[in-house]
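Data block below; observations after.
The values are calculated or read from the model by the stated rules, or taken from the named source; none is laboratory data. Since the structure is predicted, the reported quantities are computational estimates derived from the model, not experimental observations. Neighbour counts are summed over all protein chains in view; Cβ atoms, including those assigned to glycine, are modelled from backbone coordinates with ideal geometry.
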Amino acid sequence: MTETSAYTPPPVWTWDSASGGRFANINRPVAGATHDKDLPVGRHPLQLYSLGTPNGVKVTIMLEEMLAVGHAGAEYDAWLINIGEGDQFSSGFVGVNPNSKIPALLDRSGPEPVRVFESGAILMHLAEKFGAFLPAAGAERAEALSWLIWQVGSAPFLGGGFGHFYAYAPEKFEYPINRYAMEVKRQLDVLDRRLAESEYLGGADYGIADIAAWPWYGLLALGELYGAGEFLQVETYRNVARWTQAIAARPAVVRGRMVNRVTGDPSTQLRERHEAGDFETMTEDKRAPTPG
């Protein structure tokens with residue numbers, strides 16, 4: 001994997017809409033809506049507009065964990081946003097998230113709807129709203145929030161950096177793959193050292209930081225992210241592996257991974273979730289088709 005020619009940046013960058021790559025059809029250098037379309041609204045207090053990517057899975061896991069510990073107010077409708085089709089650029093979605101990225105949450109439990117966007121902000125909103133999975137004060141809270149923000153800042157190097165150049169870029173080049181592989185392995189080492197001294201990222205208890213980090217680093221450790229497990233030697237991070245398996249076995253995590261999922265085994269895909277019983281009564285019309 002070596003570069004065939006050097007690239008000299010032009011004096012002024014201009015957008016090439018045919019630049020290639022898996023997501024070239026939805027990437028653009030401007031913000032805002034491309035079409036008018038209202039978002040659907042269900043009957044529950046929380047309306048989630050998302051897709052079962054690692055960032056989307058963070059929120060569905062959090063909601064399922066809230067319900068599992070008895071917070072009935074965390075009942076939610078999860079609507080599928082197909083980013084490959086540009087659903088995130090509808091006027092309704094942009095009204096909830098001006099950044100046009102999933103996930104986006106509309107909290108309708110109060111007198112006026114409250115929009116919350118960015119996965120880390122949604123997790124904090126839910127943790128504080130229900131008083132769960134985040135210590136109320138002190139050193140424990142600071143530790144949990146530090147690891148939450150660590151994940152928010154670090155994951156783009158894994159996804160937009162390593163994932164893009166290793167799995168999605170139209171051509172594979174040695175420099176960016178090596179650069180981001182090095183950074184991802186450094187991040188795995190950071191996690192492994194932390195998990196050698198603590199059962200969970202925030203401390204002794206499972207919480208918001210684990211829910212944020214697991215869909216990225218846990219799925220990477222399971223070999224389910226970018227098919228890069230062997231390339232990155234993820235099995236050598238033993239403490240990450242222990243943490244990964246413990247969280248993967250949680251029933252709420254199993255359910256959360258299914259919601260808005262459109263890839264993998266069809267039996268694990270729940271296109272939209274509108275009530276708890278949807279998991280037990282999954283039918284073909286509720287499942288998302290596996291892309292051909």
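Residues in segment 185-207 that are surrounded by 19 or more Cβ atoms within 10 Å (Cβ to Cβ) and assigned to a loop (DSSP other than H, G, I, E, B): Tyr200, Leu201, Gly202, Tyr206, Gly207. Taken together, Pro103, Pro135, Pro113 contain a single residue that is under 26 Å from Val190 (Cβ atoms), touching a Leu at 6+ places or on another chain (Cβ under 7 Å) and modelled with pLDDT of 95 or more, which is Pro103. Contact annotation: residue pairs with Cβ atoms under 6 Å, 6 or more positions apart or on different chains, pairing a residue in segment 140-152 that is within 12 Å of Gly203 (Cβ to Cβ) with a partner that is modelled with pLDDT of 95 or more and assigned to a helix (DSSP H, G or I), are Ala144/Ile208; Ala144/Ala209; Trp147/Ala209. Here segment 64-77 is the region considered, the condition is being among the small types (Gly, Ala, Ser) and surrounded by fewer than 22 Cβ atoms within 10 Å (Cβ to Cβ), and the residue that is nearest to Ile211 (Cα to Cα) is Ala68.
Scanning segment 162-184 for residues that are of a type in the set (Gly, Ala, Ser) and assigned to a helix (DSSP H, G or I), we see that the one that is nearest to the chain's Cα centre (by Cα) is Gly163. Among the residues of segment 212-227, those identified as of a type in the set (A, V, I, L, M) and surrounded by 19 or more Cβ atoms within 10 Å (Cβ to Cβ) are Ala212, Ala213, Leu220, Ala221, Leu225.
Residues in segment 67-116 that are outside any loop (DSSP other than H, G, I, E, B), over 18 Å from Arg271 (Cβ atoms) and not charged (D, E, K, R): how many?
15
Scanning segment 157-182 for residues that are free of Cβ contacts under 8 Å to residues at least 40 places away in the same chain, closer than 19 Å to Pro54 by Cβ and either of a type in the set (Phe, Trp, Tyr) or loosely packed, with under 15 Cβ neighbours inside 10 Å (or both) yields Phe157, Gly160, Phe165, Tyr180. Going by the conditions given, is Ile61 surrounded by 22 or more Cβ atoms within 10 Å (Cβ to Cβ) and out of contact with any Leu (no Cβ under 7 Å at 6 or more places or on another chain)? Judged against the criteria, Ile61 is a match.
Counting only residues that are surrounded by fewer than 21 Cβ atoms within 10 Å (Cβ to Cβ), touching a helix residue (DSSP H, G or I) at 6+ places or on another chain (Cβ under 7 Å) and outside any helix (DSSP H, G or I), segment 228-251 holds 1 of them.
Quick one: would you say Arg43 is basic (Lys, Arg) and over 16 Å from Glu272 (Cβ atoms)?
Details: basic (Lys, Arg): yes; over 16 Å from Glu272 (Cβ atoms): no.
No, not satisfied.
Annotation for segment 126-139: at least one member residue is basic (Lys, Arg), surrounded by fewer than 21 Cβ atoms within 10 Å (Cβ to Cβ) and under 24 Å from Pro103 (Cα atoms). Within segment 34-48, not a single residue is of a type in the set (Gly, Ala, Ser), within 24 Å of Gly160 (Cα to Cα) and outside any helix (DSSP H, G or I).
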